[in-house]
Amino acid sequence: MPTINTDNQSAPRSYASLPDAEIIGLLFTGGERLPREFALEAISRGERLIPALAEILKTEKNWAADLPDYWAVIHASYLLGAIGGEKAVEPLIAALLFSVRHDNDWVADELPSIFGQLGKCAIAPLKRLAANQYLDW
């Protein structure tokens, strides 16, 4: 698996040749230094990455991980929001719940914008979440 150098001088210039599993793996090893080219490649893969990104967000231990794994949920949330679509809503709701529970402001603070970008497909699930009396929101 390619590694990301923090100075980005030896970072791969093209992520297109990497299989999906390696792209997902970089979310756990790249820390906060994944370059824009990485994000653009992940987003270009679209819906086929949604199940793997969703799994990252729905696995609670990922929300309490140490560095560099800590960044996987942040990157996964942003990428899923950028890919968008109805299939992104449920895992992003999981991200909302876990980001609040684990005090992850990197995600919690950006979710209103992410859900706004998703548009109408997010309205009904968010209304159901807001109506959940057990959340005490």
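For the reader, a short list of remarks on this structure follows.
- Inter-site label distance for GLU110 and LYS127 at 7 Å from Cα along Cβ, in nm: 2.9 nm
- Using alpha-carbon coordinates, inclination of helix 70-83 to the longest axis of the chain, degrees: 80 degrees
- By the helix-only formula, in which each DSSP H run with n ≥ 4 contributes -39500 (n - 2.57) and the sum is divided by residues, the chain has a 222 nm mean residue ellipticity of -16000 deg cm²/dmol.
- In this structure, LYS120 and LYS61 have a Cβ-Cβ separation that, at R0 = 35 Å, corresponds to a calculated FRET efficiency of about 0.60.
- Trypsin sites (Lys or Arg not before Pro) restricted to the stretch 63-128 and DSSP loop, no more than 15 other C-beta within 10 Å: none
- Charge context of LEU57, other residues only, Cβ under 15 angstrom, K/R +1, D/E -1: -1
- Candidate values (1) 1.04; (2) 0.98; (3) 0.96 were compared with Rg/Rh (Cα atoms, Kirkwood Rh) computed on the shown model; the agreeing label is (2).
- With the charge dipole of the chain set up from +1 on Lys and Arg Cβ and -1 on Asp and Glu Cβ about the Cα centre, the Cα lying farthest toward the positive end among the listed residues ILE56, ILE24, ILE43 is that of ILE43.
- Accessible surface area normalised per residue over the chain is 57 Å², counting heavy atoms of protein chains with a 1.4 Å rolling probe.
- Crossing angle, helix 20-29 versus the chain [Cα axis fit, 0-90 degrees, rounded to tens]: 80 degrees
- GNM result for the chain, Cα springs below 10 Å: residue of TRP63, TRP71, TRP106 fluctuating most strongly: TRP106
- You can think of it this way: the chain between ARG101 and GLU86 has 3.0 nm of extra reach, that is 0.36 nm per residue less the Cα-Cα gap.
- In the chain, the portion of solvent-accessible area held by carbon and sulfur atoms comes to 51 percent [1.4 Å probe, whole percent, DNA, RNA and ligands not counted].
The values are calculated or read from the model by the stated rules, or taken from the named source; none is laboratory data. Only a predicted model underlies this, so the values are computations on that prediction, with no experimental measurement involved. Virtual Cβ from ideal backbone geometry, glycine too; neighbours counted across all protein chains shown. In case anyone asks, the SASA skips ligands and DNA or RNA and just uses the protein heavy atoms, side chains included. Shrake-Rupley method; radii C 1.70, N 1.55, O 1.52, S 1.80 Å.
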